[in-house]
Amino acid sequence: MKRYLILEDGTVFPGVGFGSSIITTGQLVVSNNRTGIEQSVTDPDSEGQIIAFTVPAIGLSGINRDFYESINSQCKGVVIGSSSLATVDGSIPFGEWIETLGIPGIKNVDVRALSRHIAEYGEMKASIMDTHDEHAIDQIKALVLPPDLVKRVSTKQSYPNPNMGMKMVVVDLGLKYSILRQLSYRDCNSVIVNYNASPEEIESLHPDGIIYSNGPGDPTDLPQTIENIKVLQKKYPILGIGLGNLLIALANDCKIELLDQPHHESSLAVKEVASGKIDFVNHNHSYTIDPKYISASDFIVTNICVADGSIEGMRHEYLPIMCVLFEPEAAPGPTDGYYVFDEFIDLIGSTKNQYGGGDQWQ
């Protein structure tokens, strides 16, 4: 079935429809991920997004359901060059899998030309539709993307991820399963709470540390979460990942800005400032921290992106707070970022040794 990818600037990319036949609109994101496609599609970060994969062909290795990053979260649509009809291991093909999820897709699109267009003009809204005319373009331009993406993907009720080690409260902004896996590997006894859980609710759980997870959308849409961070950061060690990093920055009077070239790639180089060590890690973010505000804050930059010099990590000079914009859980991507979880656990341990926990460092 002939379908069209229509961008809000009026650019049209023809292709062939697959998956669900519904019309869909969302924020178009160009992903350079070469592997872990099932992780990208089920990542809560992709809520509200149409993902365009630039890899020429998708699906030869089939779909591994063990790689899901959520049960219910999924993107609004997928755009690909081509997909394999059969897989080398006999598992479900990509196109069939997308159909079972009810996601609309479009293939035989010139994804390289699409990637160049987005690189030149920036991320924008797009639709997958059956027709392309002035009315369709006007509809896309008039559409306001929802500001409640985190509310959609965050857990409604607290739940445990039990173990016998340090007690972590994970604030679910769009939590990926792989973060919980990394905490389980380190014997952390975790409780996952709603993105707007109050400081009193979190304190009642007596955490050793708090993690603000990755998630979708604009960080400025979450003013209450920012206020909660201002209270909790004075009492507990905190780790921010992705969106969590940006919210911590806003809670400490830093400013954020859109990247000229958003980072959506499973293996992008990041340099550790102190050592010069290079790590290849997963990225999935369109925002970064404005460096002009870092020098006036109590944060120091710990990691930068090799490709564009943007900030990818920071640490508070006085409080036990560390943050990374990249995704250290490696889903998909290399495992170079795993050390972030180990450093946070070490930070909790050193804070306990120095202060005995609680609010003694205020």
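Evaluate the following for TYR287: is it open to solvent by 20 Å² or more (accessible area, probe 1.4 Å), out of contact with any Phe, Trp or Tyr (no Cβ under 7 Å at 6 or more places or on another chain), assigned to a strand (DSSP E or B) and hydroxyl-bearing (Ser, Thr, Tyr)? It would help to see each step written out before you state the result.
Numbers: open to solvent by 20 Å² or more (accessible area, probe 1.4 Å): yes; out of contact with any Phe, Trp or Tyr (no Cβ under 7 Å at 6 or more places or on another chain): yes; assigned to a strand (DSSP E or B): yes; hydroxyl-bearing (Ser, Thr, Tyr): yes.
Yes.
For region 75-85, enumerate the residues that are in a loop (DSSP other than H, G, I, E, B) and either under 11 Å from LYS107 (Cα atoms) or of a type in the set (S, T, N, Q) (or both). Please lay out each step first, then the result.
Of region 75-85, the ones in a loop (DSSP other than H, G, I, E, B) are 75-76, 80-81, 84-85.
Result: ILE80, GLY81, SER84.
I need the full set of residues from region 291-306 which are more than 13 Å from ILE256 (Cα to Cα) and in contact with a strand residue (DSSP E or B) (Cβ under 9 Å, 6 or more places away or on another chain), in order please.
SER297, ASP298, PHE299, ILE300, VAL301, THR302, ASN303, ILE304, CYS305, VAL306 - these are the residues of region 291-306 that are more than 13 Å from ILE256 (Cα to Cα) and in contact with a strand residue (DSSP E or B) (Cβ under 9 Å, 6 or more places away or on another chain).
Okay, residues lined up against (1) open to solvent by less than 40 Å² (accessible area, probe 1.4 Å); (2) farther than 18 Å from HIS263 by Cα; (3) in contact with a His (Cβ under 7 Å, 6 or more places away or on another chain); (4) charged (D, E, K, R):
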residue: ASP308; (1), (2), (3), (4): no, no, no, yes
residue: ILE311; (1), (2), (3), (4): yes, no, no, no
residue: CYS323; (1), (2), (3), (4): yes, no, no, no
residue: ASP342; (1), (2), (3), (4): no, yes, no, yes
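Just give me the residues in region 150-173 being part of a loop (DSSP other than H, G, I, E, B) and open to solvent by 40 Å² or more (accessible area, probe 1.4 Å), in sequence order.
LYS156, GLN157, SER158, PRO162, ASN163, MET164, MET166
One line per residue, one yes/no per condition, for (1) in contact with a Cys (Cβ under 7 Å, 6 or more places away or on another chain); (2) surrounded by fewer than 20 Cβ atoms within 10 Å (Cβ to Cβ); (3) polar (S, T, N, Q); (4) assigned to a loop (DSSP other than H, G, I, E, B):
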residue	(1), (2), (3), (4)
SER73	no, no, yes, yes
THR87	no, yes, yes, yes
SER91	no, yes, yes, yes
TRP97	no, no, no, no
LEU114	no, no, no, no
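Of all residues being touching a residue at least 60 places away in the same chain (Cβ under 8 Å) and in contact with a Ser or Thr (Cβ under 8 Å, 6 or more places away or on another chain) in region 264-281, which is most open to solvent (accessible area, probe 1.4 Å)? Just the residue, please.
Top of the filtered list is GLU265.
In this structure, does PRO147 turn out to be touching a residue at least 60 places away in the same chain (Cβ under 8 Å), out of contact with any Phe, Trp or Tyr (no Cβ under 9 Å at 6 or more places or on another chain), within 25 Å of LEU222 (Cβ to Cβ) and open to solvent by 50 Å² or more (accessible area, probe 1.4 Å)?
Considered against the rule, which asks whether it is touching a residue at least 60 places away in the same chain (Cβ under 8 Å), out of contact with any Phe, Trp or Tyr (no Cβ under 9 Å at 6 or more places or on another chain), within 25 Å of LEU222 (Cβ to Cβ) and open to solvent by 50 Å² or more (accessible area, probe 1.4 Å), PRO147 comes out as yes.
The values are calculated or read from the model by the stated rules, or taken from the named source; none is laboratory data. Because the structure is predicted, anything quoted here is derived from the model rather than measured. Don't worry about glycine lacking a Cβ; one is built from the backbone with ideal geometry, like all the others, and counts go over all protein chains shown. Just so you know, the surface numbers come from the protein's heavy atoms only, side chains and all, with ligands and any DNA or RNA stripped out. Shrake-Rupley method; radii C 1.70, N 1.55, O 1.52, S 1.80 Å.
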